[in-house]
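What follows is calculated from the coordinates using simple rules that are stated; it is not laboratory data. Given the structure is predicted, the values throughout are model-derived calculations rather than measurements. Quick reminder, even Gly has a Cβ in these numbers, built from the backbone with ideal geometry, and neighbours come from all protein chains shown.
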Amino acid sequence: MNTFALDHPGIERARRSPALLLGMICAAQFMVILDVAVVNVALPSIRQSLGFSTVGLQWVVNAYTLTFAGFLMLGGRAADLLGRRRVLLLGIALFTVSSLACALSTTQGTLIGARAIQGIGGAIIAPASLSILTTSFPEGRERNRALGIWAATGGIGAASGALVGGLLTQGLGWQWVFLVNVPVGLLVLAIAPRIVPEGRAELGHRHFDLAGALLVTGGFVALVFGIVRADTLGWAAAGVLGPVLVGVLLLAAFVVVEGRIAKAPLVPLWIFALRRVRAANAVVLALYAGVFVMWFFVSLYLQGVLGYDAIQTGLAFLPMTLGVAIASARAPRIVAKVGTRWTITAGMLTAALGLALLSNIHPGASFASVLPGGTLAAFGLGLALVPSTIVAVQGVPSAAAGAASGLLNTSRLLGGAVGLAVLTTIADTRTHAALMHGARPLQALTDGYGRALLVAAVIVAFGAIAAVVSLREKASAQQPAEAVSW
């Protein structure tokens, strides 16, 4: 039978300093999520400094995204087996050192390689931090509050990427986009050993399921690799279809290994039998597929159409960042009153409405045309993300907390990657069609953005329907019987 081992002094320290523990974990999460978006505004400066081509420049972003997505499940399982504090410290150390390497890079290859290592560090930190919160706070109001703050931190990190990136790039230089992580990482490394309990699953073995780790990591890397290339090569290109097919085959083989071969599965398949956990991940996938790309298109619109500079663009996102923060702060109270199902549904519908309003942008408009829709979409993101996070780890035993955490973070990242690839392709297709029909370049460009944002609204609206249908409060959140022997 599974048990869960914790060092008792560590637990006592965590109980005496719950606010410090939560703050430290959220600082690590903010740092990791911020780096998904913060680089976008710095890309023009990086291209000028290191001589990147337009095609090569995408790998400054994709190197991080690929390794982040590919190693998430492995990071979650490592936290369960090797100890959550130990794995968290390893991830933070790796992330901090690679951030410094990014800032000191003088060649394209060095920067891309350091970004890839940074992604591995992020893939270790994200599931370890969530599983630490899940196992350090008792289920109920206290855990919901902690998870709400953790989820809000991630949402604010994603939303504030443009603002932070603009201020740092224009004020201090692109290197500071990476250097800012170093003092945060060092501070967390200094504090964590004293307040984070060392927890791990006591399974009576130390089988790491190497085959499963290689298959799931290789599958996600291949899948995301193909997806992120669709924007430049097109969906029908061999360079896209080949990696996607390889990724699908590797993930199918992973399911077979986990279900039939592995003595100690990397991801216990019974997790997918938890209907609410499964539904929460589907909702998060749809949420990030729609709302995450909003920052991308609105950033392009503000800079490429309205002529904003980096700092102006960052400041323009401030109301949206506040929207995420306010909604995330209110979400736990709303959950207590109406439940997770209706809170998630309300958040998804609000986000869908905001995206639909944004689809009306055009060259002659101003920031006033962006503000209502952007703020609503951001508010909906914060409102839906917090209860989705609560549901995604609800009913999961402590021994599988890392796996559940890795699954949720994978859904977030894959949702953003898939959404970005699909919606940028839709935008490009619409823009080319408008140009063929004689539209002016800026009008054609905004037509493409508008079409993509409208499709994003539809995706998020389907997520709202999934929440209503699948997240009924009466649904059992208990683990299946198979979990007992895992």
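List of remarks:
- Ranked Leu172, Leu187, Leu349, criterion: other C-beta atoms within 10 Å, fewest first: Leu172, Leu187, Leu349
- The value of relative contact order for the stretch 211-346, using C-alpha pairs under 8 Å at least six residues apart, is 16 percent.
- The stretch 273-418: relative contact order in percent, alpha carbon pairs under 8 Å with at least 6 residues between: 40 percent
- Summed residue charge, Cβ within 15 Å of Thr217's Cβ, Lys/Arg positive, Asp/Glu negative: -1
- Shown for Val87, Val283: other C-beta atoms within 10 Å of each C-beta, ranked fewest to most, produce the order Val87, Val283.
- Remark: Phe379, Phe220, Phe137 ranked as Phe137, Phe379, Phe220, counting other beta-carbon atoms within 10 Å and listing the fewest first.
- For the stretch 314-395, averaging the sequence separation of C-alpha pairs within contact (under 8 Å, six or more residues apart) and dividing by the residue count gives a relative contact order of 47 percent.
- The length gained on full extension between Val255 and Leu187, counted as 0.36 nm times the residue separation minus their Cα-Cα distance, comes to 20.6 nm.
- Net +/- balance of residues flanking Val324 in space, Cβ distance below 15 Å, scoring K and R +1, D and E -1: +2
- Net charge, Val177 excluded, C-beta distance under 13 Å - Lys, Arg +1, Asp, Glu -1: 0
- Centroid-to-centroid, using Cα positions, the stretch 229-255 and the stretch 84-107 are 29 Å apart.
- Extreme residue, positive dipole direction of the stretch 266-363, given options Val283, Leu322, Val293 (C-beta unit charges): Val283
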